[in-house]
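*Asks:* The structure follows.
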Amino acid sequence: MLDLDRLSKILARTTSPIDAEALASIRAANRMVKDADTTWPRVLGVEPAAPSPRPRPAPGPRPPMRGGPSFGPQPDMSLREVLEVVMGGFRDAAGSASREFARELKRPPRRRP
């Protein structure tokens, strides 16, 4: 059973100018509600309003993806095809970076004047 008198005293301390005390009071109040196996809406005597359904836009043609029809994943691709495109691009970028790194290693060191 939730001790409402104690809960109201704890909630009064949430207005403390000392942030640590206010935060500790909020946490203590939440712990009391949880330990009493209830919820804040029940304690306050209100039921949360049911979310109103969000209207969905009418389906229509999908806009083209950035980069045009031949670049990157396309809307009609399977997950496997999308992953192949993405990983292929990653492999290309990684291969290019590692080739550049190898070229840098082969260059003779620069001498300071």
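*Asks:* What nm value, rounded to one decimal, do you get for the distance between LEU23 and LEU7 when each label is placed 7 Å out toward the C-beta?
*Replies:* If labels sit at LEU23 and LEU7, their model points lie 2.4 nm apart.
*Asks:* Sticking with this structure for a sec: Go through segment 3-8 residue by residue and turn each phi into a ³J(HN,Hα) via Karplus (6.51, -1.76, 1.60, θ = phi - 60°); whole Hz please, and just put x for glycine and proline.
*Replies:* Values, residue by residue: 7, 5, 5, 5, 4, 5 Hz.
*Asks:* Here is a further query. With a 10 Å Cβ neighbour count serving as the proxy for reagent exposure, in which order, fewest first, do SER25, SER98 appear?
*Replies:* Values: SER25 18, SER98 10.
Ranked by crowding around the Cβ, least crowded first: SER98, SER25.
*Asks:* How much net charge surrounds ASP3 when only other residues with a Cβ under 13 Å from its Cβ are counted (Lys, Arg +1; Asp, Glu -1)? Walk me through the numbers on the way to the answer.
*Replies:* Numbers: positive: ARG6, LYS9, ARG31; negative: ASP5, ASP35.
With Lys, Arg at +1 and Asp, Glu at -1, the neighbours total +1.
Bear in mind these aren't lab numbers, they're just calculated from the coordinates by the rules spelled out. If you're wondering where the values come from, they're calculated on a predicted model, not measured in any experiment. Note: ideal-geometry Cβ built from the backbone for every residue, glycine included; neighbour counts use all protein chains shown.
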